[in-house]
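Chemist: Okay, handing you the structure first.
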Ligand code: HEC
Ligand code: HEC
Ligand code: HEC
Ligand code: HEC
């Protein structure tokens, strides 16, 4: 933006001299005016000629001189800071993310997420940058300093819907949250709702009393002890904090009508570093900042690896596909290294049955489109190392000797099979429509060829892979899968 500041300074200077010239010319022109001369007379009103009063001239002069002194002392002259070297102190102006960006980028390298926040919390300017961002983006709902309001949670106490470790908060800001409680008026009778309202209003953390109706209907989300469940954002009902009002009327209305409360996601609007500043600011508001930071997982490296946080509704995927996208059970593929478009499309294929797999169908049918996008983005953001180039030397006759390597890098034109690398990339690294094959589990790869041959897997555009798979022998499939799984 330097050029625009310089340009506007030059234009201002030109304008300044034009103004001086115009005023000076006016005064000279009017200097010899005769105050006894009548210029015009209309309806008894007489307009006389006169020089411009001296006091106006002095006023202009003082104004111009003041302006010159101001730009010499304070910032205003292009990018020059002025003789006083004045710095803005107001919070609203401290949010210059430009130099903080470099600082944060440097600070995250190689650190766990916990270590990152242990370091960030000590930087005064990062906290105040977070405060400024908070005022602009969050204050309208959460109050200027996070003190909340009806339906919008307080962010400065130790009562959390979704968990208060820095990465819980970071995940909330990045992905957004949706707290949903079903309406009970069609499920329960008026009397049952009344008695549950009484029960819930009198719940007390020191002295929990069992209630059958609560246990049957409410404990799956709010917990058997009614202390809530951060996995689904169900609040603790035994404390005195009421997000949607604590009067009996409010509580009854919420139980009867249900709740749908949304926090928008900021992952698209704010940068990683801005969300980190915001999280640091929210940590700084806590009564027990250090304990909260210490409660973060020891082995998460999301920030330093520039990965996206996993939405809680799909955290179940990690039990088979791993947090880092590397399969933790035999037969489940590695998702790290697959691209967004491919993952998103496969979820769709499992859902509509083109990929016939009961486990995966069960995993994805209930996912909203937003969750599908989030999970696909998450796994696509896990960047495993680029595979090495394994292409073998081509002998004089032009045909690679090893049959498996030949199939991968040259294909088999007699059977009209193009080289696997034509579609899957020179190093089998994959792209948006073609999955990465390098390093994929061999059990899984064999299974896929068999699925195409049996018709259990469809939906590949133009039957590209089906046409390849149907021509391969079982031995070739074994060898190819083993070869591909061992590529690093
Ligand atoms: C349009 C209103 C709105 C805006 C803007 C908004 N939030 Fe929220 N936020 C909510 C609501 C509503 C919830 C509660 C969601 C729920 O009940 O499931 C919430 C929840 C949260 C939570 C989780 C609290 C807990 O107890 O776990 C955090 C943290 C949070 N917001 C931070 C922010 C930050 C930081 C910003 C600005 C970048 C922001 N919010 C902007 C409405 C908003
Ligand atoms: C499917 C999960 C689920 C079930 C089952 C459920 N709740 Fe909820 N409940 C929630 C969630 C999530 C919220 C918070 C909504 C939000 O984000 O604001 C909530 C909020 C509430 C609130 C408002 C709390 C506040 O702070 O204002 C009350 C009261 C409540 N539930 C009572 C009940 C009762 C009574 C039952 C059983 C009849 C029940 N809930 C069953 C998920 C559930
Ligand atoms: C119980 C274990 C399990 C869980 C949990 C699970 N998956 Fe899977 N996933 C599998 C298996 C097994 C396959 C291979 C299916 C096949 O052979 O077609 C698979 C395949 C996939 C594929 C295809 C990858 C490729 O290379 O084509 C995607 C994408 C995927 N899963 C995403 C998810 C998502 C998203 C979730 C969470 C909502 C999830 N999975 C949860 C076991 C699981
Ligand atoms: C004409 C392009 C093309 C060629 C050549 C090709 N593939 Fe594919 N392959 C695809 C496409 C497209 C998909 C994804 C299908 C889908 O979207 O369901 C795919 C998917 C696969 C998968 C499934 C991977 C996963 O994560 O689920 C395997 C395994 C595979 N190819 C192996 C091979 C091998 C081995 C060769 C060489 C013998 C080869 N492909 C040649 C286009 C090709």
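Chemist: If each residue's Cβ is checked for other Cβ atoms within 10 Å, how do 150, 222 rank with the fewest at the top?
Modeler: Neighbour counts put them in this order, fewest first: 150, 222.
Chemist: Something else now. Using just the alpha carbons, could you tell me how many Å³ per residue the convex hull of the stretch 397-444 encloses?
Modeler: Given the Cα convex hull of the stretch 397-444, per-residue volume reads 99 Å³.
Chemist: What percentages, rounded to whole numbers, describe P(r) for the stretch 137-294 computed over all alpha carbon pairs with 10 Å bin width beginning at zero?
Modeler: Bin by bin from 0 Å, the calculated values are 10, 38, 32, 17, 4, 0.
Chemist: Going by how many other Cβ atoms sit within 10 Å of their own, how do 248, 227 line up, fewest first?
Modeler: Exposure proxy ranking, most exposed first: 248, 227.
Chemist: Here is a follow-up. Roughly how tilted is helix 474-485, in degrees to the nearest 10 and between 0 and 90, from the longest Cα axis of the chain?
Modeler: Roughly 40 degrees between the two axes.
Chemist: Here's a follow-up. Which value, in nm² and rounded to one decimal, describes the direction-averaged projected area of the C-alpha convex hull of the chain?
Modeler: 43.3
Chemist: Rounding to the nearest 10 and keeping the result within 0 to 90°, find how far the Cα-based axis of helix 124-137 lies from the longest principal axis of the chain.
Modeler: Here the helix axis deviates by roughly 90 degrees.
Chemist: OK, next. Along the principal axes of its C-alpha atoms, what lengths does the stretch 392-488 span, in descending order and rounded to whole Å?
Modeler: So the extents along the principal axes, rounded to whole Å, are 42, 30, 26.
Chemist: Rounded, prolate or oblate: which fits the stretch 178-263, taking a ≥ b ≥ c as square roots of the Cα gyration tensor eigenvalues, rounded meaning a/c under 1.5, else prolate when a/b beats b/c?
Modeler: rounded
Chemist: Quick one: angle between helix 2-31 and the longest Cα principal axis of the chain, in degrees between 0 and 90, rounded to 10, please.
Modeler: 20
Chemist: Would you give the gap between the C-alpha center of the stretch 1-68 and the C-alpha center of the stretch 267-312, rounded to a whole Å?
Modeler: Taking the Cα centre of the stretch 267-312 as reference, the centre of the stretch 1-68 is 58 Å away.
Chemist: Take the alpha carbon gyration tensor of the stretch 1-156, find the square roots of its eigenvalues, order them as a ≥ b ≥ c, and report rounded if a/c is under 1.5; if not, report prolate when a/b exceeds b/c, else oblate.
Modeler: Note, shape of the stretch 1-156 comes out prolate.
Chemist: Averaging over all projection directions, find the projected area of the Cα convex hull of the stretch 3-73 and quote it in nm² with one decimal place. Display every interim value, and only then the final one.
Modeler: Details: hull surface 28.0 nm².
Averaged projected area of the stretch 3-73's Cα convex hull equals 7.0 nm².
Chemist: Taking only the Cα atoms of the stretch 321-487, how large is their convex hull per residue, in Å³?
Modeler: Hull volume normalised by residue count: 108 Å³.
Chemist: When a footprinting reagent is the concern and you count Cβ atoms within 10 Å, what order do 109, 241 take, fewest first? It would help to have the intermediate numbers written out before the result.
Modeler: Values: 109 9, 241 14.
Exposure proxy ranking, most exposed first: 109, 241.
Only the coordinates and a few stated rules stand behind these numbers; no lab work does. Small disclaimer: the values here were computed from a predicted structure and weren't measured. Neighbour counts are summed over all protein chains in view; Cβ atoms, including those assigned to glycine, are modelled from backbone coordinates with ideal geometry.
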